[in-house]
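Since the structure comes first, as structure tokens, the remarks are kept for the end.
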């Protein structure tokens with residue numbers, strides 16, 4: 001968790017764990033199908049990811065009673081996308097299926113990548129409404145916390161501005 005705070009604190013955000021719940025579930029959900037497919041574009045021309053049935057099932061498990069909490073699900077693996085260490089499910093990439101306050105969250109896979117992966121996935125949810133392919137997310141310059149080449153603890157001014165925007169649904173005053 002310390003890697004998350006180190007990265008997000010650059011924007012003035014500190015992450016804390018409010019509650020941890022263990023959920024009994026099936027092997028099918030522990031190895032969650034996260035196959036990426038898209039449907040017709042959303043309003044504004046953004047991407048429309050199709051939520052798999054398994055992903056929807058995981059997102060419904062043991063949700064926090066506080067709508068602004070980010071639900072983080074630790075799963076053994078994400079089948080359908082090879083080598084994925086984490087996966088954010090938010091309305092910017094799943095506009096028809098996800099609402100940020102009712103069924104969004106991140107999946108963290110059990111492949112030992114450290115706190116920077118959680119910060120990376122939280123970044124996807126916080127930077128909205130930019131999509132994963134946006135220059136503020138996966139196509140950010142190398143070294144940026146949302147870059148894929150490699151993702152380390154650098155945050156740029158525009159990312160910070162988007163994360164701290166007025167009305168951001170997951171930020172509390």
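Points to keep in mind about this one:
- Across region 76-107, the qualifying residues are those that are in a strand (DSSP E or B) and in contact with a helix residue (DSSP H, G or I) (Cβ under 6 Å, 6 or more places away or on another chain), and the one among them that is farthest from residue 143 (Cα to Cα) is 105.
- Matching residues, region 116-156, being closer than 16 Å to residue 168 by Cα, out of contact with any helix residue (DSSP H, G or I) (no Cβ under 7 Å at 6 or more places or on another chain) and not in a loop (DSSP other than H, G, I, E, B): 123, 124, 125
- Complete set of residues in region 30-61 that are in a loop (DSSP other than H, G, I, E, B), more than 19 Å from residue 110 (Cα to Cα), touching a strand residue (DSSP E or B) at 6+ places or on another chain (Cβ under 9 Å) and without any contact (Cβ under 8 Å) to a residue 60 or more places away in the chain: 36, 37, 39, 40, 41, 42, 50, 51, 52
- Within region 72-94, if we keep just the residues that are within 12 Å of residue 51 (Cβ to Cβ) and under 11 Å from the mean Cα position of the chain (by Cα), the residue that is surrounded by the fewest Cβ atoms within 10 Å (Cβ to Cβ) turns out to be 91.
- Residues being surrounded by 16 or more Cβ atoms within 10 Å (Cβ to Cβ) and either without any contact (Cβ under 8 Å) to a residue 60 or more places away in the chain or out of contact with any strand residue (DSSP E or B) (no Cβ under 9 Å at 6 or more places or on another chain) (or both) - total across region 139-153: 5
Throughout, read-outs are computed from the coordinates displayed, never taken from laboratory work. Note that the coordinates shown come from a computational prediction; the quantities given were computed from them, not determined experimentally. Don't worry about glycine lacking a Cβ; one is built from the backbone with ideal geometry, like all the others, and counts go over all protein chains shown.
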